[in-house]
Structures are given as C-alpha cells and as structure tokens.
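**Q** First the structure, which I've put down as structure tokens, then a few questions once you've had a look.
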Amino acid sequence: MTRTVPGRTDHVVVVGAGLSGLAAALHLLGAGRRVTVVERDPAPGGRAGLLERGGYRIDTGPTVLTMPHLADEAFAAVGDSLSRRVDLVPLHPAYRAQFADGSSLDVHTGADAMEAEVERFAGAREAAGYRQLRGWLERLYRVQMRRFIDVNFDSPFGLLTPDLARLAALGGFGRLDARIGRFLHDERLRRVFSFQSLYAGVAPARALAAYAVIAYMDTVAGVYFPRGGMHALPRAMADAAAEAGADLRFGETVTRLERSGDRVTAVVTEQDRIACDAVVLTPDLPVAYGLLGRAPKRPTGLRFSPSAVILHAGTDRTWPQLAHHTISFGAAWQRTFTELTDTGRLMSDPSLLITRPTATDPALAPPGRHLHYILAPCPNTAVGPGAADWGELAAGYRHSLLTELDRRGLDGIASAIEEECLVTPADWQDSGHAAGSPFSAAHTFAQTGPFRPRNLVRGTVNAVLAGCGTTPGVGVPTVLLSGKLAAARITGRDRHPRPTARPSRERRAA
C-alpha cells in the first residue's frame, strides 16, 4: 500500500492549471473531492499555452500528443470523455525525418506501412530489423508502464518486483544506442528511434535502453493533433473540470502557503486566502519548494535537461517537403550531444524539430498563411550561456537558424515571416523554469523512478507535487500521469473507483 495524505482531504487546492494540474483536478473530482484550481495566467494550459498574434493561433508549449488514452482517463474520472471534448486527428506520417545526405524517411506508426518505408529507405535487412525492434518496444512498454511509470514509489525497494527481472532480461539497463543498434545498422534509422532521449536530458549513448519506451510512444502508439491546436486539450480539461464542480480561478498568483505544524492550511494569492485540507503543487520544482519553504536533501544537486530556442513563425508561404512534424538532422550526432550536455556550446551542426500545424489545421492561421514552429535544442543556463547572455545572443542565433533552414531547403524563409515570436532559455527562466529549461530535471538514472524527486515532500504531510519535475517525468503522457498519481496520493487509488457515468447536476452543484 503506497503512502497517502493522512487526515481530512475534503477540499484540495491545485496550484497551476497546466496539464498535470488539470489531470489531478479531474481525478480528485471523480473521487468526490471539492477542488479549487488557482492559475496565475488568464487561461488554462501552463506550458501548453496559447499566443494569438496577427490572426495566428500559436501553441507555446508541446506540439506532439501521444498516448491520448491517458488524457481520456482524466476525463473518464468525471464521467466525461476526450472524444466528446476534443477532435483528435491521427497524423500520417507521424514524423518525416530528413538527413544531411538529402535522404528522407516517413515515420509511420502502422507496422506494415513502416516496414515498407524502411525497406524502401534502407533495404530488406533493415526492414526485418525494424520488425524485431517494434516487437521489443512493445514488450518494453508492457513491462514498464504498470510497474515503473504509472506508479507511486515510496522507496527504491518498490522496484523489487518480477517486472524488474523482466526489464533486465529485455536489456532495459543497457545503453539505448547500443540496444537500438542490435536491430538497426543504418545510422540514420538508429537516430529516428533514439533522438527522443534528448528531451529526457541524456545522450543516446548514455541513456538507459529503458528510455526507448519514449520511442514506443512516438513510433508505435501513434501521434495525434487536436484540431484547434494543442491548447485545445487543456482548455477542454478545464471545461470538464468546471462542469464537474471545480472552482477555477485564473489570473491569481499564489504568494505563499499558510501552515500549522506539518500541514498546509491555506493557499494565499494576491487576491484571496483559500483554506484547504490538501494542496497539489504543479509549478517547477524550485518554485514549489520555495512555496513549501523546504527542499528535499539530495547527495548531489539536481541536473537539468537541455533547453531549447523556439522560433514561432507565421509566414506567407510554406514548403511542400515539410510534414506536420519534420525532424531535420544535421550531419553531426555525438558531437551535438556533447555540446548540449557537456561543453555548453550552441549546436555547431543543429538537428531541429520543425512543426507545421497548419498542414493539419489551416484555421490556425489567416487564409493563405502558414504557421511554423522551429525548435532548436540548446544548453540550459547552468551549462551554457546564462539568461543574461541571451539578450545579446538571441538576434544572432535567430539569423543563423534561418540561414541554416534556408540552406536545408526552406528557401526564402526569413523574408516569408509576417509574425514571429522567439523564445530563449532566458524566457523559460523568467517563467520559473529551473536552469532555463522547459524539460525540467534530466532523466539520469539517479533522477528516474524512485530516485526522481518524489511527489510527497518530507516535512509537509498534505502537499503533493505534480508536473514534469516529479514522478514519472517529462513529456505530455507522463505529465498527465503525474496529475493522476498526485490525486492518488490524496484519495488512495483503490479506495475510490472511477465513476462510469457523468456526475449528476445535483452532485456537480454540491
């Protein structure tokens, strides 16, 4: 039996209306709790926010949605459904990978389609290897999900289950790049199934093979896009929470927590004092620990993932070689990771994620216009240039980024831009993200599973953390799970079965 919040938990205040906070709120509502959500921004979303500029509707956070059933679990907690609230479009292909040698590969999540594409791209031997890799990814996911991802840990001893032996037998504790190399020999293909570790803050050559579960989510389970943009998901979750009885308070910044002994008794904002029986904190770890007035002691300080520069560009043209998601790989690979995580240099030969959401939903831009989201990984401010340095670096880096994109076939992109927004590590840091990284604590072995900052904080018995800095980690699926796991700390997962019908008007009113 995992630890839960002791004592009365009738009224819970959730600080932050991002994906984790909204997921926590829905699961708490489904378990019969009264919930107040406090959000500093004027609308829900958190990192998954929305910027409207010149007729363009720009997602300011994640652009890739996988494992939508995890969002559906949150809606189901209050008898609602994702399909009722959000129009999800499956992406075919999920990605397009473009390489420095001029070759390209469409990444399909269907097994037959992807096998045929791999054979076209690299031959029959690699296609057979892909089939074997896919089977391994599926087995890896089944072993990890129930015991290592969708679970609250109270200590490392929680790892000691039969599934730990199964994970070891699958090679989960080897190195990611080497394990992928057992199935695929073509270096370009190996990149497609290992680059995801970058967002977990670890180079493929160092990452545990268990992290290939992220590649499962991207390349097997399917990639989706909500019509209206990624912001449509938190907006729908907020609407569902409001209908289920949540008190949503936007534009209110939490300034402090009131305590009595080891319990939080109230959440204080600039406008109000909200008495509570328990609190869920979703801001990034330093902000959450600051509100609590204490941080857990660790043998070494937290190591944070690389950051990113993002250029949101509304343009008067687009380029047909771009899919909804395109990964443009540079020729360098190992050197790129060394620069990002060790030397702190900006990528000398960048690999970039280019998202063109108007390929799927033209309504996100004015008629005849297009929206592009260009993500360039970069060192965080603890390893590379500090936040103050980006004031001088930003304009030059934007220019070099556009020059490189023009060289890679997006000819004339600089002159095509009508509206833009450039986001740098300084902006992430100003928003409260430690080390200027939106990807929070890196998924090193010492910061994964039971070794990751836990969602219960010693010294405060009725405060629970949620978000990408705590269990289980970074990414939309795991952040949704973090909200569910935080709610379980308050309600007890087994003691409150999920309702199967929409709550009555009487219950919502109560």
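The values are calculated or read from the model by the stated rules, or taken from the named source; none is laboratory data. Values in this document were obtained by computation on a predicted structure and should not be read as measured data. Heads up, the Cβs are rebuilt from the backbone with ideal geometry, glycines too, and the neighbour counts pull from every protein chain shown. The protein model used for the area step is the full one, side chains on, heavy atoms only, and it has no ligands, DNA or RNA in it. Shrake-Rupley method; radii C 1.70, N 1.55, O 1.52, S 1.80 Å.
**Q** HN-Hα J couplings of region 252-257 from phi, Karplus 6.51/-1.76/1.60, θ = phi - 60°, integer Hz, Gly and Pro as x?
**A** Taking θ as phi minus 60°, the curve returns 10, 9, 6, 9, 6, 10 Hz for region 252-257.
**Q** Set the Förster radius R0 to 45 Å, insert the Cβ-Cβ distance between Asp163 and Asp342 as r into 1/(1 + (r/R0)^6), and round the FRET efficiency to 0.05.
**A** 0.85
**Q** At 0.36 nm per residue, and after removing the present C-alpha to C-alpha distance, how many nm does the segment from Arg142 to Phe173 gain when stretched out fully?
**A** Values: separation 31, 0.36 × 31 = 11.16 nm, distance 1.59 nm.
Extra length available between Arg142 and Phe173 comes to 9.6 nm.
**Q** Here's another thing I want to ask about it. Using only Cα atoms and rounding to the nearest 10 degrees, what angle (0 to 90) does helix 232-243 make with the longest principal axis of the chain?
**A** On a 0 to 90 degree scale, this one is about 10.
**Q** Once phi is turned into ³J(HN,Hα) by the Karplus curve 6.51 cos²θ - 1.76 cosθ + 1.60 with θ = phi - 60°, what whole-Hz value does each residue of region 380-391 show in order, with x for glycine and proline?
**A** In residue order, the calculated couplings are 6, 6, 7, 9, x, x, x, 4, 5, 5, 5, x Hz.
**Q** Relative contact order (percent) for region 294-433, with alpha-carbon contacts under 8 angstrom and 6 or more residues of separation? Let's see the in-between values first.
**A** Details: 218 pairs, mean separation 48.1, N = 140.
Taking the mean separation of contacting Cα pairs over the length of region 294-433, I get 34 percent.
**Q** May I ask you to derive the relative contact order of the chain, considering only C-alpha pairs under 8 Å and at least 6 residues apart, and to give it as an integer percent?
**A** Details: 1068 pairs, mean separation 125.0, N = 510.
The normalised contact order for the chain reaches 25 percent.
**Q** Over every pair of different alpha-carbon atoms in region 160-219, take the mean of 1/r and invert it; report that Kirkwood radius in Å.
**A** This gives a value of 11.6 Å.
**Q** How do 328-339, 456-467, 383-394 rank on mean C-beta neighbours within 10 Å, highest first?
**A** Numbers: 328-339: 18.3, 456-467: 22.3, 383-394: 16.4.
Going from most to least packed, we get 456-467, 328-339, 383-394.
**Q** May I ask for the Kirkwood hydrodynamic radius of the chain, worked out over all distinct Cα pairs and given in angstroms to one decimal? Don't jump to the answer; show the numbers that get you there.
**A** Working: mean 1/r = 0.0428 Å⁻¹.
Every distinct Cα pair counted, the radius reaches 23.3 Å.
**Q** Rounded to the nearest whole Å³, what is the per residue volume of the convex hull around the Cα atoms of region 235-323?
**A** Numbers: hull volume 19.2 nm³, N = 89.
About 216 Å³ per residue, rounded to a whole number.
**Q** Would you mind counting up the charge near Ser307? Only other residues with Cβ under 14 Å from its Cβ, with Lys and Arg at +1 and Asp and Glu at -1. Don't skip to the answer; put the middle values down first.
**A** Working: positive: Arg47, Arg303, Arg345; negative: Asp284, Glu339, Asp389, Asp427, Asp430.
So the surrounding residues net to -2.
**Q** Now for a separate question. Using a Förster radius of 45 Å, what is the FRET efficiency between Glu392 and Glu187 based on their Cβ-Cβ separation? Nearest 0.05, please.
**A** E(calc), rounded to 0.05, equals 0.80.
**Q** Count the net charge of all other residues whose Cβ sits under 13 Å from the Cβ of Ser431, scoring Lys and Arg as +1 and Asp and Glu as -1. Mind showing how you got there, number by number?
**A** Working: positive: Arg40, Arg47; negative: Asp41, Asp284, Asp427, Asp430.
It works out to a net charge of -2.
**Q** Using only the alpha-carbon atoms, how far is helix 19-30 inclined from the longest principal axis of the chain? Give it as 0 to 90 degrees, nearest 10.
**A** Helix 19-30 and the main axis of the chain meet at about 40 degrees.
**Q** Where the convex hull is taken over the Cα atoms of region 345-389, what is its projected area averaged over directions, in nm²?
**A** On the way: hull surface 18.9 nm².
That works out to 4.7 nm².
**Q** Next up: Sort all Cα-Cα distances of region 371-452 into consecutive 10 angstrom bins from zero, then give the percent of pairs in each bin up to the one containing the longest distance.
**A** Values per bin, smallest distances first: 16, 39, 29, 13, 3.
**Q** I'd like the projected area of region 187-306, averaged over all directions, using the convex hull of its alpha carbons. Report it in nm² with one decimal. Can you show the working numbers first?
**A** Values: hull surface 47.4 nm².
The directionally averaged projection comes out at 11.8 nm².
**Q** Compare the peptides 41-52, 190-201, 470-481 by average per-residue count of other Cβ atoms within 10 angstrom and give them in order, highest first.
**A** On the way: 41-52: 18.8, 190-201: 23.3, 470-481: 25.4.
Top to bottom by mean Cβ count within 10 Å: 470-481, 190-201, 41-52.
**Q** Expressed as cubic angstrom per residue, what is the convex hull volume of the alpha carbon set of region 117-182?
**A** Each residue corresponds to 93 Å³ of Cα convex hull volume.
**Q** Work through the residues other than His108 whose Cβ is under 10 Å from its Cβ and net out their charges, Lys, Arg +1 and Asp, Glu -1. Don't skip to the answer; put the middle values down first.
**A** Values: positive: none; negative: Asp106, Asp112, Glu115, Glu117.
Its environment carries a net charge of -4.
**Q** On a 0 to 90° scale, report how tilted helix 476-491 is relative to the longest principal axis of the chain, with both axes built from alpha carbons and the result rounded to the nearest 10.
**A** Between helix and principal axis, roughly 10 degrees.
**Q** What percent do you get for the relative contact order of region 76-229 when only Cα pairs under 8 Å and 6+ apart count? Provide the component values of the computation, followed by the final result.
**A** Values: 185 pairs, mean separation 47.9, N = 154.
About 31 percent, as a whole number.
**Q** I need two numbers for region 277-371: Rg to one decimal and Dmax as a whole number, Cα atoms only, in Å.
**A** Cα only, region 277-371: 19.9, 55 Å (Rg, Dmax).
**Q** Determine the per residue accessible area of the chain with all protein chains present and a 1.4 angstrom probe, expressed in square angstrom.
**A** Values: 19660 Å² over 510 residues.
Heavy-atom SASA per residue in the chain reads 39 Å².
**Q** Would you please give the FRET efficiency between Ala124 and Thr300, computed as 1/(1 + (r/R0)^6) with r the Cβ-Cβ distance and R0 = 35 Å, to the nearest 0.05?
**A** Values: r = 47 Å, r/R0 = 1.36.
Efficiency computed from Cβ-Cβ geometry: 0.15.
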